[in-house]
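Right, one structure below, let's go through it.
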Amino acid sequence: MTTNTYRVPDMSCAHCKAKIEEAVNRLSGIQDANANVDTKRLTITFDENAVQSENIEDAVSEAGYTAEKE
């Protein structure tokens, strides 16, 4: 398992947090997704053999937000 952190500068409320976590959790291979509105960070633990960073960024983008890997 790999853990990556992404900056999500346009996340601003609990609704944003829920929408982002829901979008990422739909991906196969995600073990844990935790968005933090206060720090504007998304921490993901995932199986790197099942999902790639680009897939995570795409899922966040499709939900209407920007994810930048740190």
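What follows is calculated from the coordinates using simple rules that are stated; it is not laboratory data. These numbers were taken from a predicted model, which means no experiment stands behind them. Every residue, glycine among them, receives a Cβ derived from its backbone with ideal geometry; neighbour counts consider all protein chains shown.
Residues in region 41-68 that are part of a helix (DSSP H, G or I), over 8 Å from the mean Cα position of the chain (by Cα) and touching a residue at least 24 places away in the same chain (Cβ under 8 Å): Ser53, Asn55, Glu62.
Assess whether Val24 counts as being under 10 Å from the mean Cα position of the chain (by Cα) and aliphatic (A, V, I, L, M). It is true that Val24 is under 10 Å from the mean Cα position of the chain (by Cα) and aliphatic (A, V, I, L, M).
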